[in-house]
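S.K.: Take a look at this one; I'll ask things after.
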Amino acid sequence: MRSSRAASAVLAAISMTLLVSACAGSGGSSATPGATCTGSGPAVEVVVELGDHHVVDRCVNFKGASISGETALHRSGIEYATQHFSFGDGVCQIDNEPKSYTTCFPSGAPYWALFIWPGKGKWKTATTGINGVALKSGEALGWRYDPSSGAAPPPPLPPKP
């Protein structure tokens with residue numbers, strides 16, 4: 001689905017994500033992820049806030065210095081679907097939300113916003129697609145199903161230390 005309309009929708013989605021990230025305060029969500037990563041070896045956390053504000057939180061262990069965002073999401077066992085864009089792979093569906101779609105980043109409709117937590121502080125908006133994200137142990141991959149209209153909620157809270 002490579003068209004100027006799709007490109008415009010992607011740019012609008014990225015712009016909205018940047019705006020939301022800039023305006024979001026820390027810790028505004030009432031959902032608190034609880035599955036902090038423990039055990040031996042490197043690990044990252046995958047935190048997904050669904051449209052109904054339910055949080056899915058998974059710990060993903062790996063070997064080596066880092067793990068790609070797409071590999072972390074895949075190993076979390078959470079269902080997802082992607083579409084390739086000029087900025088990388090955009091995530092169109094997580095945990096069967098939305099149930100079906102024809103456009104990954106529809107104009108004026110909800111979409112999946114991607115955030116990275118560097119291990120402390122606030123979530124940062126991802127500047128690439130999920131296939132361009134590299135996470136180190138102690139970091140987190142965060143998703144929020146953003147309504148793209150009205151006052152958007154902040155991203156999911158970072159994992160508890």
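The values are calculated or read from the model by the stated rules, or taken from the named source; none is laboratory data. Every value quoted in this text rests on a predicted model; they were computed, and no experiment measured them. Reconstructed Cβ throughout: ideal geometry from the backbone, glycine too, with neighbour counts over all protein chains shown. Areas reflect the complete protein model, heavy atoms only, side chains present, ligands, DNA and RNA absent. Shrake-Rupley method; radii C 1.70, N 1.55, O 1.52, S 1.80 Å.
S.K.: K63: which lysines have alpha carbons under 25 Å from its alpha carbon, excluding same-chain residues fewer than 8 sequence positions away?
M.R.: Those lysines meeting the cut-off are K120, K124, K136, K160.
S.K.: Could you tell me the relative contact order of region 67-124? Use alpha-carbon pairs under 8 Å, at least six residues apart, and round to a whole percent.
M.R.: Numbers: 51 pairs, mean separation 11.8, N = 58.
For region 67-124, the relative contact order is 20 percent.
S.K.: Here is a follow-up. Give the accessible surface of region 38-107 per residue, rounded to a whole number of Å², with probe radius 1.4 Å and ligands, DNA and RNA excluded. Present the calculation step by step, with values, prior to reporting the outcome.
M.R.: On the way: 3470 Å² over 70 residues.
Result: 50 Å² of accessible area for each residue.
S.K.: Just subtract the alpha-carbon distance of H54 and T103 from 0.36 nm times their residue separation and send over the number in nm, one decimal.
M.R.: Values: separation 49, 0.36 × 49 = 17.64 nm, distance 2.38 nm.
Between H54 and T103, full extension yields 15.3 nm more.
S.K.: To the nearest 20 debye, what is the magnitude of the charge dipole of region 54-149 about its Cα centre, counting +1 on the Cβ of each Lys and Arg and -1 on the Cβ of each Asp and Glu? Each step should come with its number before you reach the end.
M.R.: Working: 9 positive and 8 negative charges, 74 e Å.
Computed charge dipole of region 54-149: roughly 360 debye.
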